[in-house]
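Following: one structure in structure tokens, then a few remarks.
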Amino acid sequence: MKILVTGGLGFIGSHTVVELQEAGHQVVIIDNCSNASESVLDGIESITGIRPDFEHIDLREKGAVDDFFNRYPEVHGVIHFAASKAVGESVEKPLLYYENNIGTLVYLLQQLVARGGSSFIFSSSCTVYGQADHMPITEDAPIKPAESPYGNTKQIGEEIIRDTCRVEPGLQAISLRYFNPIGSHPSAEIGELPLGVPANLVPFITQTAAGLRTQLSVFGDDYPTPDGTCIRDYIHVVDLARAHVVALERLLKGRSKSNYEVFNVGTGKGSSVLEVIRSFERVSGKKLNYRIVGRREGDVVEAYADTTRANGELGWKAASSLDDAMRSAWDWEKKVRGL
Ligand code: WQD
């Protein structure tokens, strides 16, 4: 049996491929390399000793996708990461996001259903909750109107999968709602490689410390939180990757309670921006150059997960601390920059 990982050269995808291989699964990656390089395969192989099959395919090419499934009839599990994910860009280019994130999902599901179904893990996001009314956030928290086309594609994607599972008994699916993935594999052979100026906090911190950026701007310290900065649930990317393996095996082994389930994947602990900075300074021994500036449009005040369902039903729990994750992020940055 083979597991298809779409977007498997990406940050979370590549870490998930490593964990799948280490759990004994055979993996084939589909990636269009729009946001990742084929050299990530070398990193994966250096960790596990196994080079996954790789197909350079854009999921928007329906013929190529159809041909893929004809050539890989043994694929019975899919973890679907491939999507555009820059919130700001999605506001500027909504049709690109709806085509790439929704159109390709529909076609991928049509392929799977036409071939008798599959076990399907969907990369979703805590973004679907917007600013939740209560912390920690449970899976039953109301889905708020999306703040961006990117967030909307995650909401719509979940609904498409839910509606399809309802009428296709061969399709078993789980949506994993990620909180804030950070860090890198402890080997420093794979990690986060944002293209251009990082939008996310942790790569901006490590690039500032590495001298690529002059100063980190902290977007606001006048929020109603203990230190005034926003709170998030920062989860080590390896913990997140392991959640995917556990979720997929739940489906492959027929352990799911229904053929569509949703799980929050976080640590269950909230950390402020300043706490993340302190964590970085602790693990790196470096003083970070930052300044407080105005708020960033669209930021929610706080978001951290209630992980009761993931811990209990899924049988998964994050193992790494914020310091572990920040240390791995810094180790990766130093390796990439030759520091
Ligand atoms: C975290 C905190 C910023 C950069 C994003 C995506 C979301 C999901 C998770 C995929 C916020 C502050 C940031 C900086 C800062 N990804 N910050 N200076 O926005 O919580 O969520 O990743 O599903 O879709 O939007 O993550 O890392 O951008 O911000 O002060 O230079 O760090 O204001 O409070 P975010 P982030």
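Entry remark, segment 224-276: residues being of a type outside the set (S, T, N, Q), in contact with a strand residue (DSSP E or B) (Cβ under 9 Å, 6 or more places away or on another chain) and at pLDDT below 95 number 1 in total.
Among the residues of segment 128-167, the ones that are hydroxyl-bearing (Ser, Thr, Tyr), part of a helix (DSSP H, G or I) and within 13 Å of the ligand (Cβ to nearest atom) come to 3 in all.
Cβ-Cβ contacts under 8 Å between residues 6 or more apart (or on different chains), taken from a first residue in segment 274-301 that is under 17 Å from Ala199 (Cβ atoms) to a second residue that is modelled with pLDDT of 95 or more and open to solvent by 90 Å² or more (accessible area, probe 1.4 Å), are listed as Arg295/Asp222. Within segment 171-185, the residues that satisfy the criterion of being in a loop (DSSP other than H, G, I, E, B), more than 9 Å from the ligand (Cβ to nearest atom) and either touching a strand residue (DSSP E or B) at 6+ places or on another chain (Cβ under 8 Å) or open to solvent by less than 10 Å² (accessible area, probe 1.4 Å) (or both) are Gly183, Ser184. Of all the criteria given as (1) in a helix (DSSP H, G or I); (2) within 16 Å of the ligand (Cβ to nearest atom); (3) not small (Gly, Ala, Ser), the one not satisfied by Ile235 is (1).
Report the residue count in segment 122-144 for those that are over 18 Å from Thr6 (Cα atoms), among the hydroxyl-bearing types (Ser, Thr, Tyr) and crowded, with 18+ Cβ neighbours inside 10 Å. Number satisfying all stated conditions: 2. Of all residues in segment 186-216, those that are more than 9 Å from the ligand (Cβ to nearest atom) and under 14 Å from the mean Cα position of the chain (by Cα) total 4.
Which of the residues spanning segment 291-339 are under 25 Å from His185 (Cα atoms) and in a strand (DSSP E or B)? Selection gives Ala303, Ala305. The combined condition, being of a type outside the set (Phe, Trp, Tyr) and closer than 17 Å to Lys269 by Cα, is not fulfilled by Thr153. Of the residues Val245, Val262, only one is surrounded by 20 or more Cβ atoms within 10 Å (Cβ to Cβ) and under 18 Å from the mean Cα position of the chain (by Cα); which? Sole residue among the options that is surrounded by 20 or more Cβ atoms within 10 Å (Cβ to Cβ) and under 18 Å from the mean Cα position of the chain (by Cα): Val245.
When segment 161-170 is examined, which residues are found to be open to solvent by 40 Å² or more (accessible area, probe 1.4 Å) and either at pLDDT 95 or above or under 12 Å from the mean Cα position of the chain (by Cα) (or both)? Correct list: Arg162, Asp163, Arg166, Val167, Glu168.
Within segment 265-275, the set of residues being farther than 21 Å from Ser14 by Cα and either among the small types (Gly, Ala, Ser) or over 19 Å from the mean Cα position of the chain (by Cα) (or both) comprises Gly268, Gly270, Ser271, Ser272, Val273, Leu274, Glu275. One residue stands out in segment 201-216 among those that are farther than 11 Å from Asn289 by Cβ and either hydrophobic (A, V, I, L, M, F, W, C) or in contact with a His (Cβ under 7 Å, 6 or more places away or on another chain) (or both): the one that is most open to solvent (accessible area, probe 1.4 Å), namely Leu212. For segment 18-63, the set of residues classified as modelled with pLDDT under 95 and open to solvent by 60 Å² or more (accessible area, probe 1.4 Å) consists of Ser34, Asn35, listed by residue number.
Per-residue answers, yes or no, for (1) closer than 29 Å to Glu249 by Cβ; (2) surrounded by fewer than 22 Cβ atoms within 10 Å (Cβ to Cβ); (3) within 16 Å of the chain's Cα centre (by Cα); (4) free of Cβ contacts under 8 Å to residues at least 40 places away in the same chain:
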site	(1), (2), (3), (4)
Asn70	yes, yes, no, yes
Ile79	yes, no, yes, no
Glu92	no, yes, no, yes
Tyr98	no, yes, no, no
Phe120	yes, no, yes, no
Ala146	no, yes, no, yes
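Can you pull out the residues in segment 217-237 that are under 18 Å from the mean Cα position of the chain (by Cα) and open to solvent by 10 Å² or more (accessible area, probe 1.4 Å)? Selection gives Arg232, Tyr234, His236. Is it the case that segment 313-320 has a residue that's hydrophobic (A, V, I, L, M, F, W, C) and within 16 Å of the ligand (Cβ to nearest atom)? For segment 313-320, residues hydrophobic (A, V, I, L, M, F, W, C) and within 16 Å of the ligand (Cβ to nearest atom): present.
The values are calculated or read from the model by the stated rules, or taken from the named source; none is laboratory data. All of these numbers come straight from a predicted model, not from anything done at the bench. Note that we place each Cβ from the backbone using ideal geometry, even for glycine, and neighbour counts take in every protein chain shown. Ligands, DNA and RNA are stripped out before the accessible areas are found, and what is left, the full protein with its side chains, is counted by its heavy atoms. Shrake-Rupley method; radii C 1.70, N 1.55, O 1.52, S 1.80 Å.
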